[in-house]
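Written below as C-alpha cells is the structure these notes are about.
The values are calculated or read from the model by the stated rules, or taken from the named source; none is laboratory data. Since the structure is predicted, the reported quantities are computational estimates derived from the model, not experimental observations. Here the Cβ positions follow ideal geometry from the backbone for every residue, glycine too, while neighbour counts run over all protein chains shown.
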C-alpha cells in the first residue's frame, strides 16, 4: 500500500470539476451574480475538463491501490459526462430567471449554486465511472445523488419541485440502504475484500460452498444499482421526479446518472461477480425485458411530454441493460461495452435536444405546461425548431439515418453475438412499439391544424444546444465510424475485470 | 480471535434492524419517520460491517463505516432541508398528502 504521485493524473478531471464548482460559487458570492458571466465561466471550465479527461489518459491500469481505474472506459465516460453537464448548463439559460414579463419568478435561485451543484453531481458521476472498489462505487453514487436531490428541489418556490425532491430523496436513500447492506454482506462473504477484482478472486477461491449471504449481498447490490438506472420494478420514482424537477435538471438526470450507474453495473458484475452469473444473468434478463416493455407501453398513454420522455428514458434504460447484460455476462465484454458507449452518446444528444425544445414550447404557453397537444401545428410557425424536434424523435425511435439507430444496432448486435437472441427480439419489437408515440409528436407538428399560435422565444444558448444536438445526431447517424472506433478503442483499453473475463476478451471479433 | 459472542448473533441483530427499517419505510406515512427508518437501515449496515471487520480482523470494514456515517450526515442535511421546503408549501409532512403528481 504505497502512494504513487502519478495516480493523481487519473483523477485530474474530478479535481478540475470540483475546483470549477468552488470557483463558480465564490465568483457569484464575491464578484458578480450575472447569469451570463457565470454561465460562460462554467461552460469554458467544462470544455477544459473535457480536454483534460482525454489528455490525461495515460495507461489502462488502476490507481490508488485499485480504488479507481484510469482506463479507456472511464476516460470516455468522463468526457461524455462533461459534455452532458455542458449542454445542461447551456440549456438552463433563462430557466431559473425567466424574463421580467413572466413575473420575475425564481429570483431567489442563485445561478452559481445551481451550476455548482450540477458540477458536483458531475464529479460524483466521474468517480462512479472509474470506481473499481465498493468504497468508490458507494462514494460516487452518493456524491451524485445528494447533489441531484438538491437540484431536483432547487426551484423551491414551486410545489412540484419540492415534491420531486422529497420523492427522489426518500426513495434514493432507501435504495442506498439496500446497496450498502449488499456491500456489507459481500465484504463479509469474501473475507474482507472491497476491491472488485479481489472480490471476484475470493469468490472463485470459495469454490462451491458459498455462504447464503454472498447471494443476498449480490442481489441487494443489484437492487441498489437497478434503482439508480431506473429499471423496472425499481423505476416508480422516475416519472414523478422527472416531471417535477426543473426541466434542464430532468434532462441532465435522465442522461448522466444513467450512464454512470450502467458503467458501475458493468464493472461490478463483470469484475466482482462473474462466478455468480448463473444467478444474476437470468434476473438481469427479466429486468431488461420488463424495463423496456413497461416503459414503452406506459409512454404511449402519456399526455405530458416530460412524463412521456421519462417513460421513454425508462425504455432506453431497458435497451441499455440488454447491452450491459451482454457486456457483463459473456465474452463480448469489449464490443458490447463499446456499443453502450455509442448508445449513451447518441441518447444524451437526442434526449437533451428534445428536452430543450420542450422548454421552449412550454415557455410559449401562458400556463407553462408541457402538454403534448401544444405541439399541434407547430411546423407552420416554427419550421426549424419543428424540424429539429422531428429529428430528435426519429432518433429516439431508432430510425436511420440517425445516431439513435446506430446506437441500437451496435448494442443489439453485440447482444446477439453474446447469445441473447430472444431478448434482442423483444427489444426490436419494443423499438417498433416506441415509434408510435415518438412519431405522434411529428404528426402533431406537421399534420394537425394549429391549436393556438405561440411565439417561441429562443435565447442564443438554447439555439446552440439544439444545433449541437441536431448536428451530432446527423454526424453520428451518417458517419458513425469515428465515434465507434473511439468507443471500441476505449473499451479495449479497459481494466481487465477478472481472469475469466480477460480470457473471454480473446474471442472478440476485432 | 477470541470473541465472547458469535458472529452470527451480530449479523442476525443487524438483519433484524434492517428489516425493521424497511418495514418502517414501507408502512409509515410521516416523511420524518420514514427518514428515521432509513437511518436505522444504515446503522444496521454499519453493525454488519463492524461485526465482519472484527471477526475477520480486517479494518477495511471500519473505514467503510466512517464513510457511511459521513455520507449519512450529508444526507440528513439535504433531506431535512427538503422536508422543511415541503412543510412550507403544504403545512404537513404526510407523504400521502404530497401528491400533485401521482406516485
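For this structure, a couple of remarks:
- Filter pass, residue B:47 being touching a residue at least 24 places away in the same chain (Cβ under 8 Å), closer than 21 Å to residue A:175 by Cβ and surrounded by fewer than 18 Cβ atoms within 10 Å (Cβ to Cβ): no
- Among (1) within 22 Å of residue A:257 (Cα to Cα); (2) within 12 Å of chain B (Cβ to nearest Cβ); (3) out of contact with any helix residue (DSSP H, G or I) (no Cβ under 6 Å at 6 or more places or on another chain), the one test that residue A:233 misses: (2)
- A single entry from A:180, A:196 fulfils the requirement of being under 28 Å from residue A:494 (Cβ atoms), facing another protein chain (nearest Cβ under 9 Å) and within 25 Å of the chain's Cα centre (by Cα): A:180.
- The test for being farther than 25 Å from residue A:233 by Cβ, within 13 Å of the chain's Cα centre (by Cα) and within 9 Å of chain A (Cβ to nearest Cβ) does not hold for residue B:73.
- So residue A:132, is it more than 10 Å from every other protein chain (Cβ to nearest Cβ), surrounded by fewer than 24 Cβ atoms within 10 Å (Cβ to Cβ) and in contact with a strand residue (DSSP E or B) (Cβ under 9 Å, 6 or more places away or on another chain): no
- Test: residue in segment A:416-428 that is farther than 23 Å from residue A:328 by Cα and either surrounded by fewer than 24 Cβ atoms within 10 Å (Cβ to Cβ) or touching a residue at least 60 places away in the same chain (Cβ under 8 Å) (or both): no
- For first residues located in segment B:81-103 and at the interface with chain A (Cβ under 7 Å from one of its Cβ atoms), partners that are modelled with pLDDT under 80 and lie 6+ apart or on another chain with Cβ distances below 7 Å form the pairs B:85/A:156; B:86/B:98.
- Within segment A:151-163, considering residues that are within 8 Å of chain B (Cβ to nearest Cβ) and surrounded by 24 or more Cβ atoms within 10 Å (Cβ to Cβ), the one farthest from residue B:25 (Cα to Cα): A:153
- Filter result for residue B:72 (closer than 23 Å to residue A:143 by Cβ and surrounded by 12 or more Cβ atoms within 10 Å (Cβ to Cβ)): yes
- Scanning segment B:1-19 for residues that are within 12 Å of chain A (Cβ to nearest Cβ) and touching a residue at least 12 places away in the same chain (Cβ under 8 Å) returns B:7, B:10, B:11, B:14, B:15, B:17, B:18.
- Selected residue [modelled with pLDDT of 90 or more, closer than 22 Å to residue A:78 by Cα and surrounded by fewer than 20 Cβ atoms within 10 Å (Cβ to Cβ)] from A:48, A:54, A:17, A:24: A:48
- Search result, residues across segment B:51-67 that are facing chain A (nearest Cβ under 8 Å), free of Cβ contacts under 8 Å to residues at least 40 places away in the same chain and in contact with a helix residue (DSSP H, G or I) (Cβ under 6 Å, 6 or more places away or on another chain): B:53, B:61, B:64
- Among (1) more than 9 Å from the chain's Cα centre (by Cα); (2) touching a residue at least 40 places away in the same chain (Cβ under 8 Å); (3) under 16 Å from residue A:171 (Cα atoms); (4) at the interface with chain A (Cβ under 9 Å from one of its Cβ atoms), the one test that residue B:35 misses: (1)
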